[in-house]
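Just below is one structure, and these are the notes that go with it.
Nothing in this text is a laboratory measurement; each read-out follows from the coordinates by a stated rule. Everything numeric here is computed off the predicted structure, so don't read it as measured data. In this analysis, Cβ positions are derived from the backbone assuming ideal geometry, glycine residues included, and neighbour counts consider all displayed protein chains.
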Amino acid sequence: MSAFRVNLSAINPKEEERRTPPIEALVDTGAELSWLPRRALSDIGIVPRGEMRFVTADGGYIERDVGYAILTAEGYSTVDEVVFAEEGDLSLLGVRTLEGFCVSVDNVNHRFVAAAACFAPANLKVCKIRRDDC
């Protein structure tokens with residue numbers, strides 16, 4: 001598998017006119033969450049809502065703040081948790097963001113491929129007209 005990068009922006013979900021400039025992020029299907037620099041997130045008013053513990057490649061642990069943002073890249077967008085990356089951390093676009101975009105990754109051509117449909121759990125009942133019709 002080859003690595004590639006995209007320009008990822010975060011938008012404040014409470015004040016959508018506040019957004020980060022595009023930040024070059026590594027597309028990482030091995031990372032659950034997307035990571036963007038703390039300063040960029042703070043500058044647009046994204047605030048930490050909790051802390052998560054992550055396992056590093058060498059088996060150690062680090063803790064980072066997480067918050068909520070609208071994430072956008074390559075014409076796709078989704079609401080997701082985002083990690084406040086500290087100095088020395090990479091900017092990453094993680095698999096949950098990819099799933100929110102409803103895309104798969106073409107590692108040969110270094111691009112996103114729109115999925116034919118997003119999948120829901122088999123036992124989820126979807127109503128097209130009104131909630132009472134379920």
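Can you name the residue in segment 26-43 that is crowded, with 18+ Cβ neighbours inside 10 Å and charged (D, E, K, R) and, of all such residues, is farthest from G94 (Cα to Cα)?
R38
For segment 73-112, how many residues meet the condition of being out of contact with any Pro (no Cβ under 7 Å at 6 or more places or on another chain), among the small types (G, A, S) and part of a loop (DSSP other than H, G, I, E, B)? Quick ask: steps written out before the conclusion?
At the first step, the residues of segment 73-112 found to be out of contact with any Pro (no Cβ under 7 Å at 6 or more places or on another chain) are 73-78, 80-83, 86-90, 92-112.
Pick out the ones that are also among the small types (G, A, S) and you get 73, 75, 77, 88, 94, 100, 104.
Retained after the next criterion (residues that are part of a loop (DSSP other than H, G, I, E, B)): 75, 88, 94.
Adding up the residues that qualify gives 3.
Restricting to segment 38-88, and then to whatever is touching a helix residue (DSSP H, G or I) at 6+ places or on another chain (Cβ under 9 Å) and of a type in the set (D, E), can you tell me which residue is nearest to V113 (Cα to Cα)?
E74
Consider segment 27-80. How many of its residues are acidic (D, E), farther than 12 Å from S9 by Cβ and in contact with a strand residue (DSSP E or B) (Cβ under 7 Å, 6 or more places away or on another chain)?
5
If you take the residues of segment 43-72 that are part of a loop (DSSP other than H, G, I, E, B) and not aliphatic (A, V, I, L, M), which of them is nearest to E16 (Cα to Cα)? Show your work before the answer.
Initial filter on segment 43-72 (part of a loop (DSSP other than H, G, I, E, B)): 44-49, 56-60.
Among the residues that remain, those that are also not aliphatic (A, V, I, L, M) are: 45, 48-49, 56, 58-60.
Numbers: G45: 10, P48: 17, R49: 18, T56: 33, D58: 38, G59: 38, G60: 36 Å.
Out of the qualifying residues, it is G45.
Out of I11, I46, I23, which single residue is surrounded by 13 or more Cβ atoms within 10 Å (Cβ to Cβ) and touching an Asp or Glu at 6+ places or on another chain (Cβ under 9 Å)? Full working, then the answer.
Numbers: I46 fails: touching an Asp or Glu at 6+ places or on another chain (Cβ under 9 Å); I23 fails: touching an Asp or Glu at 6+ places or on another chain (Cβ under 9 Å).
Result of the check over I11, I46, I23: I11.
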